[in-house]
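The block underneath contains the structure these notes are about, expressed in structure tokens.
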Amino acid sequence: MMKLQSLGQIVLIAAALLYLVSVYFMSSPVWMGFTINALIVVVVALSWNVTGGFGGLTSFGHAALYGTGAYASAILQVKYGVNAWLALGAGIVAGTAMGAFIGALAFRYGLKGSYFALVTLAFAEVLRICASSFDFTGGGSGLQLKLEPGLSTLQFNDRAVVYTILLAVVALVMALTALLKFSRFGAYLIAVRENEDAARALGIDTYRIKVQAMAIAGAFGGLAGVLYLQLWLFIDSTVVYGSAVSIEALIGPIIGGAGTIWGPLLGTLGLHLLGEGAKHLLSNAPGLNFVLYAVVLICALRFLPQGLMGLAARLGTFRKKEDDNA
């Protein structure tokens, strides 16, 4: 069972939930569109949190999982006329397979730390180049879905419906990550993060655990890629395999609190709100919002190693012993 450590965490989470609910009642549709995009990133961030947060397997190339799910679904729908629901499942399976493949290859040779991070980055870049080179992936032109609104095509004109569906998906993925964290598998994964050699000495098959973690992360990442495809009806190699996806995947959990359940949601929403504010305030200086992102990340790593959830845990603590269950 998840237990919040302090009043500060309750207030922080309540503020995020209040914002998500208030989006329904905002007069400007811009806020709903902005939050819809942020929620897709939240799913990618939750994917990264499985490996980077729970397992300490820092990935710089989560775009490889995200893009594979998006392209698998798009190719099936555009080239072969497969139903959107079946293509959704195929995208999740493709992301899972890609995660398992990257993990099996990297961990087979004992790669960890910065070496593993660079390998994932390399995979994302190779896949980006391949996707922009082959005809069946649309080459440099990308792939475009037909506009056919309806439940069977997973396309909806009503943004409120899209928003509600995404909220449900985020809630489901968060629940799954919570079940994962507090399961035996989650305990093994955290043991690998804390001390892999000690975990191996206790009889834990660390190779299998890490590959499974990458597969699970791939499933969530592939799902996020399909959600993006069904929302915007277009993908190309730069959009789904680009470094921006990988950066957003890791920066949200780090800011919010890597290894926590709520951290990816809080960090991603906070960063997107900060970025949107920077765009309006610094409209005459394009690109400066990315500098602001970098400054925030550096400050978080220096002063908030446990993220916003760690900071909130120190405010109005309910009990002396911190167990990091939130």
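The values are calculated or read from the model by the stated rules, or taken from the named source; none is laboratory data. Just so you know, these numbers come straight off a predicted model, no measurement behind them. Please note: Cβ atoms are built from the backbone with ideal geometry, for glycine as well, and neighbour counts cover all protein chains shown. The area values use the complete protein model at the heavy-atom level, side chains included, leaving out ligands, DNA and RNA. Shrake-Rupley method; radii C 1.70, N 1.55, O 1.52, S 1.80 Å.
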Report summary line: Which residues qualify? For Ser6, with a placed amide H closer than 5 Å and at least 5 residues away or on another chain, they are Phe318
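Please give the per residue volume of the convex hull enclosing the alpha carbon atoms of segment 1-118, rounded to a whole number of Å³. Could the numbers behind the result be given before it?
Details: hull volume 20.9 nm³, N = 118.
Cα convex hull per residue, to the nearest whole number: 177 Å³.
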Report task. Would you list the membrane-span-like helices of the chain, meaning whole DSSP H runs whose alpha-carbon atoms span at least 30 Å along their axis and whose mean Kyte-Doolittle value is at least 0.0? Result -> 84-108, 159-181, 206-232
Query - For segment 306-312, 3J(HN,Hα) per residue [Karplus equation, 6.51 cos²θ - 1.76 cosθ + 1.60, θ = phi - 60°, Hz, x = Gly/Pro] - result: 9, x, 5, 5, x, 5, 5
Query raised in the report: Given labels modelled 7 Å from the Cα in the Cβ direction, how far is it in nm from Leu315 to Ser133?
Result: 5.0 nm
Requested in this report: Would you mind getting the accessible area per residue of segment 104-147, heavy atoms of the protein chains only, 1.4 Å probe, in Å²?
Outcome: 62 Å²
Query raised in the report: Considering amide H positions built from the backbone, and no H for Pro or chain starts, which residues 5 or more places from Phe234, or on another chain, come under 5 Å of its amide H?
Result: Leu145
Report summary line: The simple spin-label model distance between Leu118 and Trp31, using points 7 Å out along Cα→Cβ, in nm, is 4.6 nm
Requested in this report: Calculate what fraction, in whole %, of the accessible area of the chain sits on carbon and sulfur atoms when a 1.4 Å probe is rolled over the protein chains.
Outcome: 68 percent
**Report entry** Where only alpha carbons of the chain are counted, the Rg and the Dmax (Å)
**Finding:** 19.5, 60
Report summary line: Semi-axes of segment 119-229 from the Cα gyration tensor (sqrt of 5 times each eigenvalue, largest first, whole Å) come to 35, 23, 8
Report task. Only Cα pairs under 8 Å and at least 6 apart count here; give the relative contact order of the chain as a rounded whole percent. Result -> 34 percent
Requested in this report: Let me know the longest stretch in the chain that avoids all chymotrypsin sites (Phe, Trp or Tyr not before Pro) found in a DSSP loop with at most 16 other C-beta atoms within 10 Å.
Outcome: 183-317
Query raised in the report: Which one of Leu179, Ile235, Ile247 is farthest out on the positive end of the charge dipole of the chain, using unit charges on Cβ (Lys, Arg +1; Asp, Glu -1) and the Cα centre as origin?
Result: Leu179
Query raised in the report: Which residue fluctuates the most in the chain, going by a Gaussian network model with Cα springs under 10 Å, if the choices are Ala45, Ala244, Ala87?
Result: Ala244
Report summary line: Length gained if Ala187 through Arg200 is fully extended, taking 0.36 nm per residue and subtracting the Cα-Cα distance, is 3.4 nm
